[in-house]
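The values are calculated or read from the model by the stated rules, or taken from the named source; none is laboratory data. Note that the structure is a prediction, hence the values are computed from the model and not measured. FYI the Cβ positions are ideal-geometry reconstructions off the backbone, even for glycines, and counts take in every protein chain you see. The protein model used for the area step is the full one, side chains on, heavy atoms only, and it has no ligands, DNA or RNA in it. Shrake-Rupley method; radii C 1.70, N 1.55, O 1.52, S 1.80 Å.
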Amino acid sequence: MTAQATLDLATAFGTASNRRGKYFAVKRFGTPVVIVLALLALFLWLGSLSLDSIEQRTLNWQYLQDRTFEHLRLTVVASAIVAVIAIPAGIALSRIHSRTVHAVVFGIANVGQSTPAIGLVILLAIVWKLGFEVALVGLVAYSVLPVLRNTLVGLEQVDSSLTEAARGMGMHPLQVLTRIELPLAIPVIVGGLRTALVFCVGVATVATFINAGGLGDMIVNGLKLQRWPVLITGAVVVSCIALAIDWIAGLAEDLLKPKGL
């Protein structure tokens, strides 16, 4: 099968592409504007305050940069591991039509998300150790379900007439998967990854309880010491990171979407 024939087959049921309109829509710039305005307002507010010695030790560029880097490292590494585990598992499940197997796999994947995040991380720390690796395992366990579920749903919703036509044109199963099914399922799969990324940003704040760093340090210290500028700064920065990651993932979702969908 030629590349053009494959492309025609994959877009046979699609409508005309409207990517240009999506990329330049006004709402596309709403999130970056909100982030910039929130950080600017925070910066101006902090500049108007007289900070005591405790607040000055926390509210400085070096400390904020270190905590932000730790937070992003936890988020990105955990999301990458989730993608490596959940996407192949979802593909494998799409080839197994046993409801019992699906129920068992989703039951296991659901354990992490149905358990309170802080409880899961603390439990892992008790039975294992403190630090980055334990926080990473907790984040992966908490975030694997949406990617696994979306991968399976994305593959199952591909029109069977397309895969049958591809097989009729001589494509073997791996070609059908990589050239027809995965490209058409990409928007749904990326949607699951987008959800997992935002989960990781939020749950990474509890990593501070097991000495794994992150912006949770600022939130917990601000609350414990009743230093509201520290607490509010940590909360605003985490929120802005979550919004920024969701926005970037949305762009990736549109970029990876097959032409015609």
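Some notes on this structure:
- Of the trypsin sites (Lys or Arg not before Pro) found in the range 160-261, those that fall in a DSSP loop while having at most 12 other beta-carbon atoms within 10 Å are 259.
- Exposure ranking of 169, 218 by accessible area [1.4 Å probe, largest first]: 169, 218
- Only Lys, Arg, Asp and Glu carry charge here, each on its Cβ (+1 for the first two, -1 for the last two); on that basis the range 164-236 has a dipole of about 140 debye about its Cα centre.
- Heavy-atom accessible area for residue 172, with the other protein chains in place and a 1.4 Å probe, reaches approximately 90 Å².
- For residue 106, neighbours were defined as the other residues whose beta-carbon sits under 11 Å from its Cβ, and their charges (Lys and Arg +1, Asp and Glu -1) total +2.
- Against the main long axis of the alpha-carbon atoms of the chain, helix 132-156 sits at an angle near 30°.
- For the range 62-97, the list of trypsin sites (Lys or Arg not before Pro) that fall in a loop by DSSP and count at most 12 other C-beta atoms within 10 angstrom reads 95.
- Given the chain, longest segment not containing exposed loop chymotrypsin sites (Phe, Trp or Tyr not before Pro) (DSSP; at most 16 other Cβ within 10 Å): 129-261
- Cα-only Debye scattering, the range 83-234: base-10 log of I(q)/I(0) at q = 0.09, 0.18 Å⁻¹: -0.40, -1.02
- Between helix 61-94 and the chain there is an angle of about 20 degrees, using the helix long axis and the longest principal axis of the Cα atoms.
- Cα-centred dipole magnitude for the range 116-261, charges only on beta-carbon of K, R (+1) and D, E (-1), debye, nearest 20: 260
- Protection proxy ranking, highest mean first, for peptides 237-243, 51-57: 237-243, 51-57, where packing is the per-residue count of other beta-carbon atoms within 10 Å, averaged.
- Formal net charge of residues neighbouring residue 178 (Cβ-Cβ distance under 15 Å; K, R +1; D, E -1): +2
- Cα shape, the chain, gyration tensor, a/c 1.5 rule: oblate
- In the range 73-215, a dipole from Cβ-located charges (positive for Lys and Arg, negative for Asp and Glu) runs towards its positive end, and of 140, 124, 102 it is 124 whose Cα lies farthest in that direction.
- Charge dipole of the chain (Cα centre as origin; +1 on each Lys and Arg Cβ, -1 on each Asp and Glu Cβ, all else neutral): 260 debye, rounded to the nearest 20.
- For the range 158-236: accessible area per residue (Å², 1.4 Å): 42
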